[in-house]
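Since the structure comes first, as structure tokens, the remarks are kept for the end.
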Amino acid sequence: MTQPDTSTRAPGDTPDPRDQAPLLLYGEEFTHDPAPLYARARETAPIVRARIHEDVEVSLVVRYHTALKILQHPEFSKNSGPWFEARERQGLPMPPVLEMMRVRPNALYEDGEEHRRLSTAVRDSLGRLDPPTLRRTARETADRLIDAFAERGEADLMGEYAALLPLQMLFAMFGVPGDLGRRIHQLTATVFDGGPEAAQANVALSETWQELVALKRRRPDEDVASWLLAHPSSNDDDSEIINQLLLVMGAGMEPEQNLIASTLLQLLSDDSSYGRLRSGSQRIAEALETTLLDYAPMANYATHYPVHDLEIDGILLPAWEPVMISFGSCNQDEALRGDSATGGTGGSGYRAHLAWSAGPHECPAWSVAMMMASVAIEVLLDRLPDIELATPRPRLSWRPGPYQRGLSALPVVFPPQPVRLQDSTEDPYGSPGGRTPWQPSTTTSAPTTPQQTARPYDSTPGEATSTARPHTSGARGLRRVWNSLAGWWRGQ
Ligand code: HEM
């Protein structure tokens, strides 16, 4: 195997993760069930050698307290530029898996003041989203997606629901008009398919984003794209705004779909868990927390680079070589599970998990993400209470790749149900109701500041998520589920 140049590493007695056989973050064993591999790694050292590809090695942080230390350490940078340059200089392979680590001009890859500037713009803009409107939009989006398969009696909840809901929500948050949304969706798919049209699609995609930014400059509205543009921390530079929007899109879609689908799997494959939810003794929030802990959607990511050789918990980390955090492993660490035992399974003791990362780059959208996932699950179980897995859990397949933990598909069956939004003429890519969704329905003239705006998830619930909606089915099961969910939403 070719390895990056490690000649700068100081010799000595310090244990080095490179002395052990590397943990492979690819291949069938890892993809099927990484938990035993993480457990073995944690027994070896807090930081181990790992390969994300046969030609790419990283140091992988597998223990909780070590991860916290690194995530908050001022002598680690998020800038992957020097490592990529070194690989290029040495003529090392650049497999596609590296694209998720390649430096881009956005908050994720910046440190210090520049990170604070970009991250403040993102955080403040997301913080202006009106929580009740966000919940209502999520409900409408969920209903519309379910309508597309409700009468069929079967669906792939990953492809037809979990993957589409965050995408359409993000378009709505950004205020993307229907035609641009449709184009962005199609072009992104073509780029990701990597076929002969990918390069051309990539050019068209970047032009489409420019079109969106030009539109928001011409006609600013109440949406995240316009707020980002107007934010005092944002530079008057289209490419910066596009990169920030792309970061929010990219960071928001994949982990969100994994959170929704893995939680649905957990509930549908465990009668007692679904039963507890139906009886009201478990809340959706707890099911989501269990998923975040056991199936961290970002499994291995948040790569940091020591700005000089550094020793952390007895392991020497060479300057500018990648140190990746295994959220999947750290969340299983005794150090955390031990703490959580005192808080009760699935209870408040789980708050310290690392699924959202920690430190300056901690996910700025965790409360939005939790709210979207809660509504997605609530609406689905409300409408399809007798839903069942179509494929037994052990036969379900997980997507390969080192970074994410997510299902490839989640096939389900259920008694066919009527369409709910029968009279809806909504464009799935447009703003619900044909208006900008983020204007609070109560007329407030002054824009809300992040400080004034309650966080959509951790605030006391405003409206119950479905009270305004008539039930289209009188089924007792449906009402039973609804009652327990509504109870949960009201905090009962
Ligand atoms: C289940 C859903 C989600 C999970 C598990 C998750 C997890 C994470 C993690 C682990 C990071 C740190 C990455 C790193 O440092 O390399 C992160 C960063 C980020 N996330 Fe999330 N995220 C989720 C949903 C979202 C959503 C819905 C959005 C947007 C609406 C979002 C926006 C961001 C942004 C902008 C960053 C970069 C923050 C920075 O570097 O300052 N995330 N997220």
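When segment 58-75 is filtered for residues that are crowded, with 22+ Cβ neighbours inside 10 Å and either at pLDDT below 95 or not in a helix (DSSP H, G or I) (or both), the ones remaining, listed by number, are V58, S59, L60, V61, V62, R63. Exactly one residue among A230, A261 is at pLDDT 95 or above and outside the structural domain of G359 (by TED's automatic domain parsing), and that residue is A230. Of all the residues in segment 121-159, those that are surrounded by fewer than 18 Cβ atoms within 10 Å (Cβ to Cβ) and under 21 Å from P232 (Cβ atoms) number 1.
Cβ-Cβ contacts under 9 Å between residues 6 or more apart (or on different chains), taken from a first residue in segment 230-258 that is on the phi > 0 side of the Ramachandran plot to a second residue that is within 14 Å of the ligand (Cβ to nearest atom), are absent.
Annotation: of all residues in segment 399-418 being farther than 17 Å from L165 by Cα and open to solvent by 30 Å² or more (accessible area, probe 1.4 Å), the one that is nearest to the ligand (Cβ to nearest atom) is Q404. Within segment 365-379, track down each residue that is more than 9 Å from the ligand (Cβ to nearest atom) and among the hydrophobic types (A, V, I, L, M, F, W, C). Scanning segment 365-379 gives M371, V375, A376, I377, V379. Screening the candidates Q266, Q282 for the property of being without any contact (Cβ under 8 Å) to a residue 40 or more places away in the chain, farther than 30 Å from P82 by Cα and not assigned by TED's automatic domain parsing to the domain that holds F76 yields one hit, Q266.
If you check S119 against the conditions, is it outside the structural domain of F327 (by TED's automatic domain parsing) and of a type in the set (G, A, S)? When the stated conditions are applied, S119 passes them. Helices (runs of 4 or more DSSP H) fully within segment 238-315 that include at least 1 residues being out of contact with any strand residue (DSSP E or B) (no Cβ under 6 Å at 6 or more places or on another chain), within 21 Å of F174 (Cα to Cα) and more than 8 Å from the ligand (Cβ to nearest atom): 238-268.
Among the residues of segment 316-325, the one identified as within 11 Å of the ligand (Cβ to nearest atom) and in contact with a helix residue (DSSP H, G or I) (Cβ under 7 Å, 6 or more places away or on another chain) is I325.
Yes or no, residue by residue, for (1) modelled with pLDDT of 95 or more; (2) exposed (fewer than 14 other Cβ atoms within 10 Å of the Cβ):
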| site | (1), (2) |
| --- | --- |
| P4 | no, no |
| T8 | no, yes |
| T14 | no, yes |
| A21 | no, yes |
| Y26 | yes, no |
| E29 | yes, yes |
| P34 | yes, no |
| Y38 | yes, no |
| I47 | yes, no |
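Screening segment 91-120 for residues that are of a type in the set (A, V, I, L, M, F, W, C) and within 10 Å of the ligand (Cβ to nearest atom) and picking the one that is farthest from A302 (Cα to Cα) gives L118.
Taking the conditions (1) in contact (Cβ under 8 Å) with a residue 60 or more places away in the chain; (2) buried (at least 20 other Cβ atoms within 10 Å of the Cβ) in turn, G314 satisfies each one other than (2).
Results for (1) open to solvent by less than 30 Å² (accessible area, probe 1.4 Å); (2) under 20 Å from L164 (Cα atoms), shown as yes or no for each residue.
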{"site": "P232", "(1), (2)": "no, no"}
{"site": "D237", "(1), (2)": "no, no"}
{"site": "I242", "(1), (2)": "yes, no"}
{"site": "G250", "(1), (2)": "no, yes"}
{"site": "E256", "(1), (2)": "yes, yes"}
{"site": "L259", "(1), (2)": "yes, yes"}
{"site": "L264", "(1), (2)": "yes, yes"}
{"site": "S269", "(1), (2)": "no, no"}
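Taken over segment 343-365, the criterion of being over 19 Å from R63 (Cα atoms) and either modelled with pLDDT of 85 or more or open to solvent by less than 50 Å² (accessible area, probe 1.4 Å) (or both) is satisfied by G343, G344, G346, G347, P360, C363, P364, A365.
The values are calculated or read from the model by the stated rules, or taken from the named source; none is laboratory data. Since this is a predicted model, take the numbers as computed values, not measurements. With ideal geometry, Cβ positions are generated from the backbone for all residues, glycine too; neighbour counts draw on all protein chains shown. Surface accessibility is based on the protein's heavy atoms, side chains included, excluding ligands, DNA and RNA. Shrake-Rupley method; radii C 1.70, N 1.55, O 1.52, S 1.80 Å.
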